[in-house]
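The values are calculated or read from the model by the stated rules, or taken from the named source; none is laboratory data. Everything quoted here is computed from the prediction, not taken from an experiment. Neighbour counts are summed over all protein chains in view; Cβ atoms, including those assigned to glycine, are modelled from backbone coordinates with ideal geometry.
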Amino acid sequence: MRLVLLGPPGAGKGTQAERLAERYGVPHVSTGDIFRANVSSGTPLGREAKEYMDRGELVPDEVVNRMVADRLGAADCEAGFLLDGYPRTVAQADELDRLLRERGTPLDAVLNFVVDEDELLARIAGRRAEQGRDDDSEEVAKRRLVEYETKTAPLVAYYRERGLLRDIDAVGPIDTVTERAVAALDGPAGVTS
Ligand code: AMP
């Protein structure tokens, strides 16, 4: 199973990604997690990414694309993967398409987690209180939403046109949202292999 999870910051993608990766037995590849691990251990990649992350901006495409190509080349991604937080721009989606075409392993589906903006801001505020994430200050959270709207939201149409998109209503209990995602993947119109 090769999956991409799409959705604005605060849509609960990360939580659902962990559960779905476990259910389908594929690695959960979160570009945000990889960047955070690099920031914590002070690598050159981490130092480069941090300045963008702290502002709530996207890290440049070339940096992210190189990192993802490297990660997807690892042995554990041969049987599939679940990408969480990538692609986030049309240029990244084009690069992913090129990479997977070269390998002869196209995507099976793209899950689009749908949540309205008021609900998102409330969730981000809740997460800031719970986890103390630096990039969840109100100003940075708003910047991340604007980045999503301007750069990432066009991917909804991009993948819809390719017949890969499945909209998932992401408002509701965590288990219910997981069930919706599984139904979208396993259901009659879902992924068959
Ligand atoms: P996330 O945990 O997915 O919300 O990512 C946290 C931060 O990492 C984002 O706000 C970006 O600064 C950076 N980041 C993660 N994935 C990407 C990506 N695909 N393209 C650009 N920047 C990214």
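Worth a mention:
- Which listed residue, of Glu78, Glu95, is in contact with a Pro (Cβ under 8 Å, 6 or more places away or on another chain), more than 21 Å from Asp167 (Cα to Cα) and acidic (Asp, Glu): Glu95
- Residue among Asp54, Asp84 that is farther than 23 Å from Leu155 by Cα and of a type in the set (Asp, Glu): Asp54
- Each residue in the range 44-60 was checked for being surrounded by fewer than 18 Cβ atoms within 10 Å (Cβ to Cβ), closer than 17 Å to Asp33 by Cβ, near the ligand (Cβ under 8 Å from one of its atoms) and in contact (Cβ under 8 Å) with a residue 24 or more places away in the chain, and 0 of them qualify.
- Residue check for Val26: on the phi < 0 side of the Ramachandran plot, more than 12 Å from the ligand (Cβ to nearest atom), in a loop (DSSP other than H, G, I, E, B) and modelled with pLDDT of 95 or more: yes
Matching residues to (1) assigned to a strand (DSSP E or B); (2) in contact with a Gly (Cβ under 6 Å, 6 or more places away or on another chain):
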| position | (1), (2) |
| --- | --- |
| Leu5 | yes, no |
| Thr15 | no, no |
| Ala21 | no, no |
| Asp33 | no, no |
| Arg36 | no, no |
| Val39 | no, yes |
| Gly42 | no, no |
| Arg47 | no, no |
| Glu57 | no, no |
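- Residue check, Thr105 of a type in the set (S, T, N, Q) and either touching a Phe, Trp or Tyr at 6+ places or on another chain (Cβ under 7 Å) or closer than 27 Å to Ala69 by Cα (or both): yes
- Counting only helices (runs of 4 or more DSSP H) that sit wholly inside the range 96-164, those with at least 1 residues that are under 22 Å from Leu3 (Cβ atoms) and not hydrophobic (A, V, I, L, M, F, W, C) are 154-161.
- Qualifying residue in the range 115-137 (condition: at pLDDT 95 or above and either within 23 Å of Gln16 (Cα to Cα) or aromatic (Phe, Trp, Tyr) (or both)): no
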